[in-house]
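A quick write-up on the structure given underneath.
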Amino acid sequence: MIAVLGLVVGVVVGLVVRPVVPSGFEPYLPIAVVAALDAVFGGLRAILDGIFDDKVFVVSFLSNVVVAALIVFLGDKLGVGAQLSTGVVVVLGIRIFSNAAAIRRHVFRA
Amino acid sequence: MSEEHEDAPGPGTGQAEPEAGTGPTAPRQSGRRRLVAALWPPRLTRAQLIVALLLFVLGLGLAIQVRTTSDGNSTLRGARQEDLVRILTELDNRSQRLQDEKRGLENQRSQLETSSDQAAEALKQTQEKARELGVLAGTVAAQGPGITLTVKDPHGGVEADSLLDTVQELRAAGAEAIQVNNVRVVGDTYFTDGANRVLVDGHRLAQPYVFKVIGNPPDLEPALNIPGGVVQTLEKEQATADVVRSQKIVVDALRPSEQPDYARSSQ
C-alpha cells in the first residue's frame, strides 16, 4: 500500500513541481521509464506468484534502468541509437505483455 | 544486505505459508488473496519503503516524460543529436527554397512594374505623336504664336496662283498650321479659279481672305514682306495685304480624317 502511495506521490510531484532534467540525461529518460515499468510488472507478478523478494525487485529495477540507458547510450555513440532504442522498447514491451498476461491469469483466472 | 534479506521474506513467507497449507490445490485463488494482503493493511516495513522509493522515482520519471512530450514546442528537447541535425538540415533547405521563391517573385514583380511603366510611357508617346500628326493632317485644332494675314481684293485681281504662292511662302518660312477663312490648309489642299472667285478644296472663298498661320512670327512676317515677296506681288494686283503678329493664333478649322484605301503602314 505504501508502495502504491509512493507511485501516486511521484506522479503528483512530477506534475506539480516540474523538475528540470539535465539535458544530458533527457534522451534516456523514456527508455529508463519503460525499463522500470517492466521491473514493476515483474514484481507484481512475483507478488501474485508468492515469490516476491524486495531485494530481487530493487536489483532488477535498478539494473533494468541502468542497462536500458546504457544500451541507448552505446547506440548513440555507435550511431544506431534510434534503432537500438526501438529494439529495447520492443523487448521490454514483450516482457511487459507476458507479465501482464500472468497477472491477468492470477487475478481473473482466465 | 543481511537485514534486508531477513526483513523481506518475513511478510512474504508468512503470507505464503498459510496459503500453501490451506489449499495447495488452489494456487490461483491464493495469488489474488496474496495481492489483497499485500495491499491491505498497509505495513510500514523497510521493504515497503524501498519499493515505495523506487516507485516514487518511476512515477516522477513518468510524469516528467509525459509532460515533456505533451509540451508541443519542447519536443525538440528530448530529441537525439542526429535527429536534431536532420531537422536543422531540413529547415535550412526549406528556408533556402523559400528564399529562392521569394527572390523569383520579387524579380517577377519588378519586371511587371517596369513593363507597365514602359507601356504607360509608350501610350503617352503614342498619344503625343497622334496629336502632332493630327495637327499636320488637320484633324485637330491647334493654337500657338503666329500671324494673321488679311488680303483685301476689291478689284478681284488676286487669282489662285497668288494664294498658292502665299501658302508656299508661309510653309517655306516654317508655318506649322494654316487656315484660310474657314478651310484648313494641309498637304493636299488645292487652289482653283472659279467664276470671279477662288476655290480652295472646292469651297468658295469669300473676301477678304484671312490667313491664320501658326509659326514663328519673326520668321513669318519678313518672309511675306521681303522686297518682291508676297505682299508686294499682291499689291501689284491692286490688293492690300496686312500682316499682324499675335502670340495666340487659334487654327480651329478641321478636316475629316480619311483612311487611305491602299497605302498601309509598312512597319
**Prompt:** What do you get when you divide the Cα radius of gyration of region B:146-267 by 2.2 N^0.38 Å, with N the number of residues?
**Reply:** 1.10
**Fill in**
Result row for chain A, helices from DSSP H with C-alpha axial extent 20 Å or more and mean Kyte hydropathy at least 1.6, is A:2-17, A:29-49, A:54-78
**Request:** State the percentage of accessible surface on the protein assembly as shown attributable to carbon and sulfur atoms; use a 1.4 Å probe and exclude ligands, DNA and RNA.
**Result:** 59 percent
**Cleavage-rule hits (trypsin sites (Lys or Arg not before Pro)) in region B:196-267: DSSP loop, at most 11 neighbouring Cβ within 10 angstrom** = B:ARG264
**Prompt:** Cross-link list B:LYS212/B:LYS236; A:LYS77/B:LYS102; B:LYS152/B:LYS248: which exceed 29 angstrom alpha carbon to alpha carbon?
**Reply:** A:LYS77/B:LYS102
**Asked** Taking θ as phi - 60°, what are the ³J(HN,Hα) couplings along region B:41-47 by the Karplus curve (6.51, -1.76, 1.60), each to the nearest whole Hz, with x for Gly and Pro?
**Response** x, x, 10, 8, 9, 5, 4
**Other-chain or far-sequence residues with amide H under 5 Å of B:GLY215's (modelled H)** = B:GLY146, B:ILE147, B:GLU176
**Item:** Residue-normalised accessible area of chain B, given per residue in Å² at a 1.4 Å probe
**Value:** 66 Å²
**Asked** What is the spread of the Cα atoms of chain A along each of their three principal axes, largest first, in whole Å?
**Response** 45, 32, 25
**Prompt:** Cα centroids of region B:38-63 and region A:48-110: how far apart, whole angstrom?
**Reply:** 18 Å
**Asked** ³J(HN,Hα) across region B:95-108 via Karplus (A = 6.51, B = -1.76, C = 1.60, θ = phi - 60°), whole Hz, x for Gly/Pro?
**Response** 5, 4, 4, 5, 4, 4, 4, 4, 4, x, 5, 5, 4, 4
**Asked** If you project the alpha carbons of chain B onto their three principal axes, what span does each projection cover, largest first, in Å?
**Response** 164, 36, 34
**Item:** Distance histogram for region B:79-140 (every C-alpha pair counted, 5 angstrom bins, percent rounded to whole numbers)
**Value:** 4, 15, 9, 10, 8, 8, 8, 6, 7, 5, 5, 4, 3, 3, 2, 2, 1, 0
**Asked** Hey, got the average number of other protein chain Cβ atoms within 10 angstrom for residues in A:73-80?
**Response** 1
**Asked** Using a cut-off of 13 Å between alpha-carbon atoms, which aspartates and glutamates can reach B:LYS124, once sequence neighbours fewer than 8 places away in the same chain are excluded?
**Response** B:GLU132
**Item:** Estimated buried accessible area (total), pair B and A, 1.4 Å, Å² to nearest 100
**Value:** 4000 Å²
**Message:** Which log10 I(q)/I(0) values does the protein assembly as shown give at q = 0.06, 0.09, 0.10 Å⁻¹ under the Debye formula, counting every alpha carbon as one identical point scatterer?
**Reply:** -0.51, -0.75, -0.82
**Prompt:** Across region B:163-169, in residue order, what do the Karplus-derived ³J(HN,Hα) couplings come to in whole Hz, using 6.51 cos²θ - 1.76 cosθ + 1.60 with θ = phi - 60° and x for Gly and Pro?
**Reply:** 5, 4, 4, 4, 4, 4, 5
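Only Cα pairs under 8 Å and at least 6 apart count here; give the relative contact order of chain B as a rounded whole percent.
It comes to 21 percent, rounded to a whole number.
The values are calculated or read from the model by the stated rules, or taken from the named source; none is laboratory data. Here the structure is a predicted model, which means the values were calculated and not measured. Reconstructed Cβ throughout: ideal geometry from the backbone, glycine too, with neighbour counts over all protein chains shown. These accessible areas exclude ligands, DNA and RNA; they are computed on the full protein's heavy atoms, side chains included. Shrake-Rupley method; radii C 1.70, N 1.55, O 1.52, S 1.80 Å.
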